[in-house]
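Below is one structure, written out as structure tokens; comments come after it.
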Amino acid sequence: EVKPVYDSIVSEACMDSLILNFGNHKVLPKGYEPQALLALSHYPELKNIKVKFRTKRGGAPFVSRPTVWSTFFKKRAKRTYLILIRENDHPLFSPILMKRMRFNAQIGVLGHELAHTLDFSKRKFFKMLNVIFGNLSQKYLDDFEYETDRRAIQYGLGYQLLAWSEHAIKTLRFNEPSPSTSKVDNLMERERYMRPATIRNEMEKHIIYNISNR
């Protein structure tokens, strides 16, 4: 179901239903269980895929990847996927940590990471190697992340992705020291991740959003 805004107060009955339908083979992130389940509800193909959400102290704010062991030694259907969420503050990343986002934006960013998981789950071993080596190319990463945003929108998470994008644009630009030298600004200029206007334009292509009637 496409919803412009998810209610941050999730009833016990709703949680039970979400866990029953989308919690199979999932290790949910402590404190963000409803957000993870609501994001998962948009990806029925992941229903029986093993996904573990974990918090971490360092690194990028959000990472989605298969475990090394399952990538090399298990069949595609038997892989285990990780979604890593950074908890600790950092001068560059602090504004976009989960704990500083609104509920809808949290679902959006988890939806983006799950769009990666969905993509990985459909790749055979050698196509996974393409991703690993592709990470060495800035252009590959730009296209890779941009297409991941597109996938999340196709799966009905456009409004949530928009909330995430608006939060990132507002908070990162507010904290950047210099528009001409900021790595954040350069990243946004390449539009590795869709800007709000791009997300809206992409949503207009999909009847599920019914943009013309809103």
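The values are calculated or read from the model by the stated rules, or taken from the named source; none is laboratory data. Just so it is clear, the structure is predicted and the values come from calculations on it, not from any experiment. Every residue, glycine among them, receives a Cβ derived from its backbone with ideal geometry; neighbour counts consider all protein chains shown. Note: areas computed on protein heavy atoms with side chains; ligands, DNA, RNA excluded. Shrake-Rupley method; radii C 1.70, N 1.55, O 1.52, S 1.80 Å.
At-a-glance table
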| item | result |
| --- | --- |
| Accessible carbon and sulfur surface of the chain relative to its total accessible area, %, 1.4 Å | 55 |
| Estimated vicinal HN-Hα couplings, Hz - region 58-75 in sequence order (Karplus 6.51, -1.76, 1.60; Gly, Pro = x) | x, x, 5, x, 9, 9, 10, 6, x, 5, 4, 4, 6, 5, 8, 10, 10, 5 |
| At most 10 other Cβ within 10 Å, DSSP loop - GluC sites (Glu not before Pro), region 72-153 | none |
| Inter-label distance for Ile207 and Thr171, nm, one decimal - labels placed 7 Å from Cα along Cα-to-Cβ | 3.7 |
| Those lysines that a straight Cα-Cα span of less than 17 Å connects to Lys3, excepting residues fewer than 8 apart in one chain | Lys205 |
| Mean accessible surface per residue for region 47-120, computed with a 1.4 Å probe while every protein chain stays in place, in Å² | 47 |
| For the chain: relative contact order, % (alpha-carbon pairs under 8 angstrom, 6 or more apart) | 20 |
| Highest-fluctuation residue, Ser165, Ser64, Ser94 considered, GNM on the chain with Cα pairs under 10 Å | Ser94 |
| Under 24 Å, Cα to Cα: Lys pairs in region 75-130, sequence gap 8 or more or different chains | 6 |
| Ratio Rg/Rh [Cα only; Rh per Kirkwood] for the chain | 0.95 |
| Lysine pairs in region 25-66 with Cα atoms under 14 Å, if 8 or more residues apart or on separate chains | 5 |
